[in-house]
Every structure is written in C-alpha cells, then in structure tokens.
Amino acid sequence: MTDEEVEVALTEVPGIGPWSAHGFLLVALNRPDVLLTGDIALRRAIQRIHGFDHVPSEAELVEISDRWRPYRSLAVSYLFASEYEEPR
C-alpha cells in the first residue's frame, strides 16, 4: 500500500486522524518520507532551529521540509531528538 492508501484506511477508523496515521507510517511501517505536520513538538523544533518568532504553520512546515525529500522521516527523527535532548 502507498502512504496515502494507508492514511485513508487508518483514518476511516473512528478516533484515528492524520497525526496518528502519519505516526504509524513513521514508526510502525518505517516509511522514509513522512512528515507529521500537526505535531507541535516538531513545529517547535523548527521554530527554534530557524529562529522564528512564531510556531510555524503546517503550510510553512511543508515548505521548509520540501528540501528534505525523500528522507523527511530522518529529519523528523533528528528534530524530535533535538527537542527532547537533555540539557548539558
């Protein structure tokens, strides 16, 4: 199944939305090009790294992440790690 087909199938289940479907693609299926646009931790990591004075919108996140294709999952993993890294 394609990523889109998996997302459609999963979001037909009550209580599962796009964020959960994308997380499933990223973690359970280990897909290489997944972006969790609705994830606030990811958006805050982008805000911090790019020095924005605002949390980027989903549209801004998609625009920024286009250059990471087809490995956005790897970028997401690094950004999550940077957001939750213990201070030294």
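Here, each number is a calculation from the coordinates, and none is a lab measurement. The structure presented is a predicted model; accordingly, all values stated were derived computationally and were not measured. Cβ: placed from backbone, ideal geometry, glycine included. Neighbour counts: every protein chain shown.
Only DSSP H runs of four or more residues enter the estimate; each adds -39500 (n - 2.57), and after division by the residues of the chain the mean residue ellipticity at 222 nm equals -15500 deg cm²/dmol. Which entry is the computed mean projected area of the Cα convex hull in nm² for this structure: (1) 5.9; (2) 6.5; (3) 9.4? Given (1) 5.9; (2) 6.5; (3) 9.4, the structure-derived one carries the label (2). Return a whole-number percent for the relative contact order of the chain, with Cα pairs under 8 Å and 6 or more residues apart as the contact set. In percent, rounded to a whole number, it is 27.
Looking at the chain, identify the longest residue range that excludes and avoids all GluC sites (Glu not before Pro) in DSSP loops having at most 15 other Cβ atoms within 10 Å. Counting at most 15 other Cβ atoms within 10 Å as exposed, the longest clean stretch of the chain is 13-84.
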